[in-house]
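Remarks on the structure that follows.
The values are calculated or read from the model by the stated rules, or taken from the named source; none is laboratory data. All values derive from a computational prediction rather than experimental measurement. Cβ: placed from backbone, ideal geometry, glycine included. Neighbour counts: every protein chain shown. Just so you know, the surface numbers come from the protein's heavy atoms only, side chains and all, with ligands and any DNA or RNA stripped out. Shrake-Rupley method; radii C 1.70, N 1.55, O 1.52, S 1.80 Å.
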Amino acid sequence: DKPSIEKKVYEDSLSATTTIWGNGYNDVADYNIGDAVPFKIVASIPDMSGYDGYEFLITDTLSPGLTLNEGTIRTYVTSARDSVLDSLTPLTEGTEGDYTMATTEIGNASFTLTFKNMEDNTDLTGRDDNYIIVTYTATLNDNAVIGLDGNANKVDLTYSNDPNSDSKGKTPEDHVVVFTYGLDSTKVDGRNSDTKLKGAEFVL
């Protein structure tokens with residue numbers, strides 16, 4: 001079975017808009033520099049029948065304009081992309097039996113979430129739940145691109161794809177973009193707006 005992965009960003013102006021990923025989540029959002037931006041990763045759990053040592057590696061990479069907020073990463077197992085996560089208990093880091101889940105933060109720009117021997121965790125198999133959802137926030141910082149190019153954030157998934165070998169597959173990258181905007185201003189003579197005042201300083 002082949003898993004999939006999607007990346008979404010929360011747009012507060014769409015908070016009342018229902019999507020299959022939860023209210024307000026889509027592919028683009030607008031924020032001010034200094035704001036904490038909520039992100040959501042939705043990965044489908046594959047059929048792992050026949051595997052002995054299934055691996056599942058989520059790699060998330062932020063643009064230089066986004067700083068990962070330490071300690072905000074949460075991982076859930078759920079039956080729907082749009083589940084209300086407040087009622088769910090996040091998965092626990094570490095090893096239970098042969099199953100391991102570990103999060104590695106790489107600086108403040110990316111992280112990996114690794115599942116090893118995933119088929120040995122009863123939280124992930126033998127139930128109706130078929131999605132792993134990861135949430136976190138990142139702050140839009142002073143390196144943010146202003147304007148239409150925006151600040152991209154990407155994710156991909158590496159996974160076991162052959163129960164008879166260590167072979168791995170990899171999904172295409174999925175992207176979301178966070179936009180921010182600036183205000184261009186020119187100081188001019190108060191009596192003649194065609195006369196620009198070179199070097200003038202002011203506070204807006």
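Selection within region 154-163: residues that are among the charged types (D, E, K, R) and not in a loop (DSSP other than H, G, I, E, B). The member of this set that is least open to solvent (accessible area, probe 1.4 Å) is D156. Within region 20-31, the residues that satisfy the criterion of being modelled with pLDDT of 95 or more and assigned to a loop (DSSP other than H, G, I, E, B) are D27, Y31.
Only residues that are modelled with pLDDT of 85 or more, in contact with a strand residue (DSSP E or B) (Cβ under 7 Å, 6 or more places away or on another chain) and charged (D, E, K, R) were counted in region 79-107, giving 1.
Filter region 138-153 down to residues that are assigned to a loop (DSSP other than H, G, I, E, B) and among the polar types (S, T, N, Q) and give me whichever is surrounded by the most Cβ atoms within 10 Å (Cβ to Cβ). Out of the qualifying residues, it is N141. Beta carbons closer than 9 Å, at least 6 apart along the sequence or on distinct chains, pair a first residue in region 144-172 that is closer than 14 Å to M48 by Cβ and touching a residue at least 12 places away in the same chain (Cβ under 8 Å) with a second that is aromatic (F, W, Y) and in a loop (DSSP other than H, G, I, E, B) for Y159/Y54; S160/Y51; S160/Y54; P163/Y51; P163/Y54.
Being of a type in the set (K, R), under 15 Å from the mean Cα position of the chain (by Cα), at pLDDT 85 or above and surrounded by 15 or more Cβ atoms within 10 Å (Cβ to Cβ), is that true of even one residue in region 108-122? No, the conditions are met nowhere in region 108-122.
All told, P46 meets the bar of being touching a Lys or Arg at 6+ places or on another chain (Cβ under 7 Å) and part of a loop (DSSP other than H, G, I, E, B). Among the residues of region 33-49, just one is at pLDDT 95 or above and either among the hydroxyl-bearing types (S, T, Y) or exposed (fewer than 13 other Cβ atoms within 10 Å of the Cβ) (or both), namely G34. Of all residues in region 78-118, those that are within 18 Å of D156 (Cα to Cα), outside any loop (DSSP other than H, G, I, E, B) and not hydroxyl-bearing (S, T, Y) total 9. Go through (1) touching a residue at least 24 places away in the same chain (Cβ under 8 Å); (2) open to solvent by 50 Å² or more (accessible area, probe 1.4 Å); (3) over 17 Å from K168 (Cβ atoms); (4) outside any strand (DSSP E or B) one by one and return the number of the condition D52 breaks. With respect to (1) touching a residue at least 24 places away in the same chain (Cβ under 8 Å); (2) open to solvent by 50 Å² or more (accessible area, probe 1.4 Å); (3) over 17 Å from K168 (Cβ atoms); (4) outside any strand (DSSP E or B), D52 is out only on (3). The residues in region 58-75 that are surrounded by 14 or more Cβ atoms within 10 Å (Cβ to Cβ) and in contact with an Asp or Glu (Cβ under 9 Å, 6 or more places away or on another chain) can be counted, and the count is 8.
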